[in-house]
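Input: a single structure, listed below in structure tokens.
The values are calculated or read from the model by the stated rules, or taken from the named source; none is laboratory data. This structure is a prediction, so every number in the text was calculated from the model and none was measured. Every residue, glycine among them, receives a Cβ derived from its backbone with ideal geometry; neighbour counts consider all protein chains shown. We work out accessible area using only protein heavy atoms, side chains counted, and drop any ligands, DNA or RNA first. Shrake-Rupley method; radii C 1.70, N 1.55, O 1.52, S 1.80 Å.
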Amino acid sequence: MHTESRNHSLDATRLLAALCVVGLHVGTIDTVSQAWNLVRIEMRWAVPFFFILTGLHLGSDLSLIPTRIALLVPRLIRMLVAASLLFLPVLIISRGFAGALQEVFSFDFLRSGSYFHLWFISALIIGLLLLQTLLVSNAKRLLKHVSALLILMALLSGSYSVILPPGYGLEGTFAFFRHLLALPCLFIGLVLARSPTLANGSALALAFGGAALQLLEVLMLQRYAGTSPFAHQFLLGTLPMAVGLISLARNHATAISGRLSQWGRQHSLGIYIVHPLWMLVYARLPLPQLASHEALGPLIATAVIFCASLVSMLVLERIRLMIAQLIRRRQDAHGGVHAIRY
């Protein structure tokens, strides 16, 4: 079994997942081409990937899971608060001070922070707390059953709600079950961590099979249920695709190394957090005509916004290191003075 914390390919895959998240958020269904919307369907693996990867790291030693969760949850809470403060000016500008104040003191703020994409951090916190509860309550056997139930409910309340009769009681509940998908994804990560790595052929079959299944699902749902083929957020093929890509990276731990793995390890979550700010900036730039093309426009926007987000994280990291170095020099200088005096 690979040591996941040192798997360069997994770290680089984090960067690819962050790129896919940016692509998911660029444009709307009605403003971009069908080709890009199909590509966007195949990017849905990215968010489950981050959840599963967290479970993979936790599962390297089952006895340490409670301790690791106890350390990770406060860090995620601080991150959610900091990210919400970062986007608070955007909230004030878009809704006014009174509207922003109402949003801050609402349940939605606890669920998703001050901006739409921050639900991921909140969901991860809830997933970790639920996992901790089941583990310390000696209810490990329930974990796989609860996970299967939550996956089923996310499908039935979302893309597959069309197969249920009217008035079935799950209307408008997808956001709730999507939030709870962190738990089954964490469980999948735990299973992967304690299982032998899949062979390359099996991993490729899962990755490409999941991708093909997603396309088949959206086309079948469009044909037989009349649903938009591009509005789906979670499909049957989403999780197998994510598991297949993770398994491939685990099998080739050093295939991708250097800057890509370093950036993925250090900055993928930061890119996830800050990229909507660059989306707002990009939307107000005087862009060439090519950037408004329905097919190439989203691709250009994704590349520009992703690169701007990455560069901003690299700059922040450089500033942090410079400040830390200055503090260290000042401490060393004071220590030298005290030593001389003594």
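Residue check: is residue 266 open to solvent by 40 Å² or more (accessible area, probe 1.4 Å) and either over 22 Å from the mean Cα position of the chain (by Cα) or not hydroxyl-bearing (Ser, Thr, Tyr) (or both)? Yes. Note on the stretch 158-174: residues that are surrounded by 15 or more Cβ atoms within 10 Å (Cβ to Cβ) and part of a helix (DSSP H, G or I) total 4. When residue 228 is tested against (1) of a type in the set (Ser, Thr, Tyr); (2) under 29 Å from residue 7 (Cβ atoms); (3) at pLDDT below 95, exactly one condition is not met: (2). Scanning the stretch 191-242 for residues that are in a helix (DSSP H, G or I) and β-branched (Val, Ile, Thr) yields a count of 3. For residue 177, all conditions in the list (1) assigned to a helix (DSSP H, G or I); (2) open to solvent by 50 Å² or more (accessible area, probe 1.4 Å); (3) in contact with a helix residue (DSSP H, G or I) (Cβ under 9 Å, 6 or more places away or on another chain) hold save one; what is the number of the exception? For residue 177, the failing item is (2). Residues in the stretch 182-224 that are open to solvent by less than 60 Å² (accessible area, probe 1.4 Å), over 22 Å from residue 148 (Cβ atoms) and either in contact with a strand residue (DSSP E or B) (Cβ under 8 Å, 6 or more places away or on another chain) or of a type outside the set (A, V, I, L, M, F, W, C) (or both): 2 in all. Return the pair list, or none, for Cβ contacts closer than 8 Å from residues in the stretch 197-212 that are among the β-branched types (Val, Ile, Thr) to residues that are at pLDDT below 95 and outside any helix (DSSP H, G or I), at least 6 apart or on different chains. If the second residue must be at pLDDT below 95 and outside any helix (DSSP H, G or I), the pairs left are 197/1; 197/2. Exactly one residue among 111, 95, 141 is assigned to a helix (DSSP H, G or I), basic (Lys, Arg), over 24 Å from the mean Cα position of the chain (by Cα) and within 30 Å of residue 68 (Cβ to Cβ), and that residue is 141. Checked against (1) buried (at least 21 other Cβ atoms within 10 Å of the Cβ); (2) assigned to a loop (DSSP other than H, G, I, E, B), residue 253 passes all but a single condition, namely (1). Within the stretch 232-254, residues that are touching a residue at least 24 places away in the same chain (Cβ under 8 Å) and of a type in the set (Phe, Trp, Tyr) have Cβ atoms under 6 Å from residues that are assigned to a loop (DSSP other than H, G, I, E, B) and open to solvent by less than 40 Å² (accessible area, probe 1.4 Å) in these pairs: 234/158, counting only partners at least 6 apart in sequence or on another chain.
Here residue 96 meets the list (1) open to solvent by less than 30 Å² (accessible area, probe 1.4 Å); (2) at positive phi; (3) modelled with pLDDT under 90 almost entirely, failing just condition (3).
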